[in-house]
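Here is the structure we will look at, set down as structure tokens.
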Amino acid sequence: MLLKLLLLFTFLVTLLYAKDYPQTYDRLGTPLFKASEHFIKYEDVISLKVLIKEYVKRVDTAVENGKKADLTQDSVKKKSYLLELRKLQSLYDVLLYSLHKNISKSIQDDNYTLFLKLTSYAFDGLFINTNLRNEAIAFYIKHKQEQTSQCLILEKNIADEKLYTQTKELFAAEIIHSSYSSQTQEKSKKSVYITTKRDENRIEVLLHNKNIYDVTIRVKYTIENIKLGSKPPKEFVLKAQSSYHYTTLILGSGKSRYGFNWSYIMGSKDAQHNNDYIYRLPFKKGMQYRVSQGYNGADTHKGSSAYSIDFPMPVGTKIYAARDGVVVKTKSNSDIGGYDKKYASSGNYVRILHNDGTFATYYHLKYGGVLVNVGEEVSKGEPLGYSGSTGYSSGPHLHFSVFRAKSGGKRVTIPTKFRTREGLLENPIRGKFYEAI
């Protein structure tokens, strides 16, 4: 028995030491250890040589001590190892800062040869500083036209930035702007507007929302010779078909002026998605369709559109509601589309408001392909329209996503669960077929 225990202990020790990095505090330690693989490539940069040598030495020691910490229950030794990792983190920060300074200096000195040397490794943390990244990209693009050179990490940053911009333009929240001032006092034609009511030296300011959905609104104001009865919020949720007393203006003696500028997006920033809800696949029961792009897809499912799904299907395929709700917006008058951002606003769609304040969008529908009307209540499984290829589209397909509003005029898509013939679907896999039930 003792021999068996000894053999088991030896096996476990061997297994632990066979792993690349320690498991104790692995979330802190592993990235620091892996960084040495990148830093060592800069050893021949004179100003970095001493720091890199010290960093690699500390990593070797920390890895060894970390693997020992994996084998002990001694809290004192584990805390000692944690302190060692924190010191290593400090050295990492110093080294990264020094590397950033060298990159910045190469740009200032217009030393493109050194710049390429410093930016040629696929090191994820290299451009964690946004200002430096933007400066580096501009410098790279300028000299790339003069020389036949390529920096893979910057090419990736440029491609990611382009994709993010296109995606943002395509699926960004539709921000609507409006204004009102003491000079014009015209009632806005927008569905969210301000009215004022004066009583002697007091003016009551009210905001109105005629929409059948909540909106998240941001307001800025300017006042001259006026005091506020109460300090109004900068951003808040204005409920559907409601009015809200925004503030009271108390006029001073003499000439007074005031003005309001506001912007709003569809939905409440306070909405909380019901993560337990099981959606229906948005096509006919018994039919199977392939996923061409799932969550965090490489083509356009990034940023605010990360949790979206594309189902390729012939033009004219009937689309069904994945969840009960109210139709709040539709578009069906477009007959154009293509894989170019110039078509971003040309897609036909149906948008449904759910009872938890989130929305579903059924996008790229065909011309005249909407079967429901704004204000209509729809049930799960009810026909909504017909698929197409309008808008920013590479071919006939249905783009489906669920989203909610966020602060700052933004929106975010939400991962959803579907009931399928194959079982519960939580992460759609590109290339795989799923059958609606």
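Bear in mind that the values in this text are calculations on the coordinates, not laboratory data. None of the values given here were measured: they were computed from a predicted structure. We place every Cβ from the backbone using ideal geometry, glycine too, and count neighbours over all the protein chains shown.
Among Phe236, Val59, Val372, pick out the residue whose Cα is farthest towards the positive end of the charge dipole of the chain, where Lys and Arg carry +1 and Asp and Glu carry -1 on C-beta, about the Cα centre.
Positive-most Cα among the choices belongs to Phe236.
Enter the angle in degrees (range 0 to 90, nearest 10) between the Cα long axis of helix 130-144 and the first principal axis of the Cα atoms of the chain, meaning the one along which they spread out most.
Rounded to the nearest ten degrees, it is 80.
Helix 2-18: angle to the longest alpha-carbon principal axis of the chain, degrees 0 to 90, nearest 10?
70
Going toward the positive end of the dipole of the chain, with +1 on Lys and Arg Cβ and -1 on Asp and Glu Cβ, which of Ala344, Gly259, Tyr320 do you reach last?
Gly259
Order 131-142, 401-412, 28-39 from most to least packed using the mean count of other Cβ atoms within 10 Å.
Values: 131-142: 15.8, 401-412: 19.2, 28-39: 17.3.
In decreasing order of mean packing, 131-142, 401-412, 28-39 become 401-412, 28-39, 131-142.
Mind giving me the FRET efficiency for Arg257 and Lys234? R0 is 25 Å, r the Cβ-Cβ distance, nearest 0.05 is fine.
The calculated FRET efficiency here is 0.75.
How far apart, in nm, are two points set 7 Å out from the Cα along the Cα-to-Cβ line at Asp324 and at Lys105?
6.7
What percent do you get for the relative contact order of the chain when only Cα pairs under 8 Å and 6+ apart count?
About 12 percent, as a whole number.
Step through the residues of region 371-384 one at a time and calculate ³J(HN,Hα) from phi using the Karplus curve (6.51 cos²θ - 1.76 cosθ + 1.60, θ = phi - 60°), rounding each to whole Hz and writing x for Gly and Pro.
Working through the residues one at a time gives 9, 10, 10, 4, x, 7, 7, 10, 9, 3, x, 7, x, 10 Hz.
What does the convex hull of the alpha-carbon atoms of the chain project to on average, in nm²? Before the final figure, lay out the partial values.
Details: hull surface 130.7 nm².
One quarter of the hull surface, i.e. the mean projection, equals 32.7 nm².
For a quick protection proxy, order the peptides 329-338, 389-398 by their average other-Cβ count within 10 Å, most packed first.
Taking the mean over residues of other Cβ atoms within 10 Å, the ranking is 389-398, 329-338.
Give me the dipole magnitude in Debye, nearest 20, for the chain about the Cα centre, with unit charges on the beta carbon: positive for Lys and Arg, negative for Asp and Glu. Write down the numbers at each step before the final one.
On the way: 64 positive and 43 negative charges, 140 e Å.
Approximately 680 debye in magnitude.
Which ³J(HN,Hα) values, rounded to whole Hz and listed in residue order, are derived for region 423-432 from phi using the Karplus coefficients 6.51, -1.76 and 1.60 in 6.51 cos²θ - 1.76 cosθ + 1.60 with θ = phi - 60°, glycine and proline given as x?
x, 6, 9, 10, 9, x, 9, 4, x, 9
Sorting check: for 110-117, 63-70, 347-354, which peptide has the highest mean count of neighbouring beta carbons within 10 Å, and how do the rest follow?
Numbers: 110-117: 16.0, 63-70: 18.6, 347-354: 22.8.
Descending packing order for the listed peptides: 347-354, 63-70, 110-117.
Among Arg323, Arg202, which comes first, then next, by fewest other beta-carbon atoms within 10 Å?
Listed from fewest to most nearby Cβ atoms, that is Arg202, Arg323.
What does DSSP give for the chain in terms of the percent of beta bridges that are antiparallel, rounded to the nearest 5?
That works out to approximately 95 percent antiparallel.
With the Cα gyration tensor of region 182-266 in hand, give its eigenvalues times 5 under a square root as the equivalent ellipsoid semi-axes, listed largest first in whole angstrom.
24, 12, 11
Please list 3J(HN,Hα) in residue order for region 260-276, calculated via the Karplus relation 6.51 cos²θ - 1.76 cosθ + 1.60 where θ = phi - 60°; whole Hz, with x for glycine and proline.
Per-residue couplings from phi come out as 10, 10, 9, 9, 8, 10, 5, x, 9, 5, 8, 4, 10, 5, 7, 5, 8 Hz.
Measure nothing but the geometry: give the 0 to 90° angle between the long axis through the Cα atoms of 75-108 and the longest principal axis through the Cα atoms of the chain, rounded to 10°.
Orientation of helix 75-108: about 70 degrees from the principal axis.
Students often get this wrong, so check it: of Lys34/Lys101; Lys49/Lys101; Lys53/Lys101; Lys239/Lys406; Lys284/Lys432, which have C-alpha atoms separated by over 20 Å?
Long pairs (Cα-Cα over 20 Å): Lys34/Lys101.
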